[in-house]
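Engineer: Quick one: this structure, given as structure tokens, is what I'll be asking you about.
The values are calculated or read from the model by the stated rules, or taken from the named source; none is laboratory data. Keep in mind that this is a model prediction, so the values were computed, not measured. Cβ sites come from the backbone with ideal geometry, for glycine too, and all protein chains shown count toward neighbours. Each accessible area value is taken on the protein alone, full model and side chains, heavy atoms only, with ligands, DNA and RNA left out. Shrake-Rupley method; radii C 1.70, N 1.55, O 1.52, S 1.80 Å.
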Amino acid sequence: MSRTRTALLAAMALVAGATGTAFAVDPDGAGAAAVPCTVDYKIQNQWSTGFTAAVTITNNSAAKSSWSLKWSYAGDQKVTSGWNAKLSQSGAAVTAANETYNAQLATGGSVSFGFQGSYSGSNAIPATFTLDGVTCNVDDGGPGGPTDPPDPGGPSNRVNNPYEGAKVYVNPEWSANAAAEPGGSRVANQPTGVWLDRIAAINGAGGKMGLRAHLDEALRQKGSGELVVQFVIYNLPGRDCSALASNGELKADEIGRYKTDYIDPIKAILADPKYASLRIVTTVEIDSLPNLVTNTGSRPTAVPQCDVMKANGNYVKGVGYALNKLGDVPNVYNYVDAGHHGWIGWDDNFGPTATIMKEAATAEGATVNDVHGFITNTANYSALKENNFTINDTVAGKSVRESKWVDWNRYLDELSYAQAFRNQLVSVGFNSNIGMLIDTSRNGWGGTARPTGPGATTSVDTYVDGGRYDRRLNAGNWCNQSGAGLGERPKAAPAAGIDAYVWMKPPGESDGSSKAIPNDEGKGFDRMCDPTYTGNPRNNNNMSGALPDAPVSGHWFSAQFRQLMQNAYPPLS
């Protein structure tokens, strides 16, 4: 079992700040069976007179058919409303009892609920919790018990949002490429993700820095403050089954190599105590799980290789294994890739994608507690917020959803999709305090082509096409898109439920070559990167919209970077 937020021992309560938490801690996992239950109580938001909190209970004793959690406040906190539990309060004493739909609590199982409360003065987190009369977060006083001090590198130091109050790592290799371009110094100091896209990248390949070199540089940049360093875990067997440009080195059946030669060495390096003071964000396996929903079976978008990966289960197993192992490292924050609105936003994709993510998050020894959140729009171009029309607009007797661009999708942009998908993920069993990341590295869509208002109301298509910021020919177009611009700069806590806007895809790194180029990285030639390609069912048979003369994916593409700066929104000064 993964030792993250639930397989924990030492009793402690941390006084709430802006993101207060109370964790029990077991740095080694020893004696976990002696802890009958653990409680993770988090203050998610706090203002002058009120707050919202999320609570997760994990049951380490016999399975329960009903449950009741109790605690007492030291101050004048009052529970005013709640969800996913029946909450009552008498004086300082609070009781949270199960609803009918979440009464079952298996051995090792978790259940989450939340509430809103009021307070004045201080808002300290309760020191003691009891589940059906049994004290949680406490063992028999052995190692890791209540008499031990907190482990400074343990899970107790995980914060609700790792980006808040922290700098974010600037990759010196990307920064040098950006600074070398005319005007590139304007963005060369922005933080970007570091892609571990093959086994050789762990130790450094092709003269590039390896994982340890990046972590050492992150320590240097950190100084005395907090620092987030972002890595993309991206090397599943049969990787990216629907896009040849980002195929990887491991064959469909090489799940063993993925575990032993890729994930295990990464975990060993990240777990080095030398790096315990860093906040390490891992974004796990871009494009993998959504492919199992949208590009399999009898759908017109189906791809044979995706059917292979669904049948052998190696995407689910690989993601589960990565979450389990990396989640064991106390200062690692796992975010799972959740596609983007132009891929998952349709009714027949939305729910099933959340379900398969829950399946992966509980595979290979992982639990939902190994998932800190999800990331959308990674390496994609979907606009953050479309302001010139809404999904509820009607023009010439037709809904915006009927337009060719929206095509019955329920979402117009990434912010609305990410917030709604977060709620869906919680509904299938992920913790209520999960946060979302949105990649804004290439979704600015500024420049002279950016509309200043809605389109003409002569038809629903003229209305939508005239007003949409996203100027792609189709939302399914993903490779080196013509006209794209840098989006919002990386920013912590920009909107409700969003941990950060990030540049996880380093701007200026190619999505794929526009013609076949031999390489030793396992990356193929995808016609969606060819500007002359007329499309397929995944982009409604539109032209690809790709830039010409692009190099192999991940390699520096100067023309793209210059275009991104030119069309940046907000504009570069």
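Engineer: Answer rounded, prolate or oblate for the range 378-527, using the Cα gyration tensor with square roots of eigenvalues a ≥ b ≥ c: rounded when a/c is under 1.5, else prolate when a/b is larger than b/c, else oblate.
Structural biologist: Because a/c hits 1.5 or more and a/b fails to exceed b/c, the range 378-527 counts as oblate.
Engineer: Counting only DSSP beta bridges with both residues in the range 383-516, what percent are antiparallel, rounded to the nearest 5?
Structural biologist: 55
Engineer: Accessible area per residue for the range 396-545 in Å², computed with a 1.4 Å probe and the full protein assembly in place, what is it?
Structural biologist: 36
Engineer: Right, something else. Ratio of Rg to Rh for the range 309-439, alpha carbon only, Kirkwood?
Structural biologist: 1.04
Engineer: Straight distance only, please: which lysines reach the Cα of LYS251 with their own Cα at less than 18 Å, same-chain residues fewer than 8 apart left out?
Structural biologist: LYS259, LYS310, LYS317, LYS523
Engineer: Where both residues lie in the chain, what percent of DSSP beta bridges are antiparallel, nearest 5?
Structural biologist: Once the DSSP bridges in the chain are tallied, antiparallel ones form about 65 percent.
Engineer: So how strong a dipole does the chain carry about its Cα centre when Lys and Arg Cβ are +1 and Asp and Glu Cβ are -1, to the nearest 20 debye?
Structural biologist: Its charge dipole is roughly 700 debye.
Engineer: Could you work out how much longer the chain between ASN423 and ARG186 gets when fully extended? Use 0.36 nm per residue separation minus the Cα distance between them, nm to one decimal.
Structural biologist: The ASN423-ARG186 span can extend by a further 81.7 nm.
Engineer: Also: With the contact rule set at Cα under 8 Å and sequence spacing of 6 or more, what percent relative contact order holds for the chain?
Structural biologist: Dividing the mean separation by the residue count of the chain yields 12 percent.
Engineer: Run the numbers on the range 253-315 and let me know its relative contact order in percent, using alpha-carbon pairs under 8 Å that are six or more apart.
Structural biologist: 28
Engineer: Once label points are set 7 Å from the Cα along Cα→Cβ at both THR394 and ASN519, what is their separation, rounded to one decimal in nm?
Structural biologist: Between THR394 and ASN519, the simple spin-label model gives 5.0 nm.
Engineer: With every protein chain present, what is the per residue accessible area of the range 172-222 (1.4 Å probe, Å²)?
Structural biologist: Result: 43 Å² per residue.
Engineer: So for the range 213-259, Kirkwood radius off the Cα pairs, Stokes-Einstein at 10 °C and 1.306 mPa s: how many µm² s⁻¹?
Structural biologist: 121
Engineer: Quick one: which of 54-65, 92-103 comes out on top by average Cβ neighbours within 10 Å, and what's the full order, highest first?
Structural biologist: Packing order, densest peptide first, comes out as 54-65, 92-103.
Engineer: Under a cut-off of 27 Å between alpha-carbon atoms, report the lysines in cross-link reach of LYS385, not counting same-chain residues fewer than 8 places apart.
Structural biologist: Filter leaves LYS167, LYS398, LYS404, LYS491, LYS505.
Engineer: Follow-up question, since we're still on this one. In the chain, what percent of the accessible surface is made up of carbon and sulfur (1.4 Å probe, ligands and nucleic acids excluded)?
Structural biologist: Solvent-exposed carbon and sulfur of the chain make up 52 percent of the total.
Engineer: Of the listed peptides 420-428, 300-308, 496-504, what is their order by residue-averaged count of other C-beta atoms within 10 Å, with the highest listed first?
Structural biologist: Those peptides, ordered most packed to least, come out 496-504, 420-428, 300-308.
Engineer: LEU219 to ASN540: extension gain in nm, 0.36 nm per residue of separation minus the Cα-Cα distance?
Structural biologist: This chain segment gains 110.9 nm when fully extended.
Engineer: OK, next. So between THR80 and ALA176, what do we pick up on full extension, going 0.36 nm a residue minus the alpha carbon distance?
Structural biologist: Result: 29.3 nm gained on full extension.
Engineer: Still on this structure, please answer the following. Can you classify the range 511-573 as rounded, prolate or oblate using the Cα gyration tensor, where a ≥ b ≥ c are the square roots of its eigenvalues, rounded means a/c under 1.5, and otherwise it's prolate if a/b beats b/c and oblate if not?
Structural biologist: Here the range 511-573 falls in the oblate category.
Engineer: Could you let me know the centre-to-centre spacing of the range 498-516 and the range 333-377, using Cα atoms, in angstrom?
Structural biologist: Taking the Cα centre of each part, the range 498-516 and the range 333-377 sit 20 Å apart.
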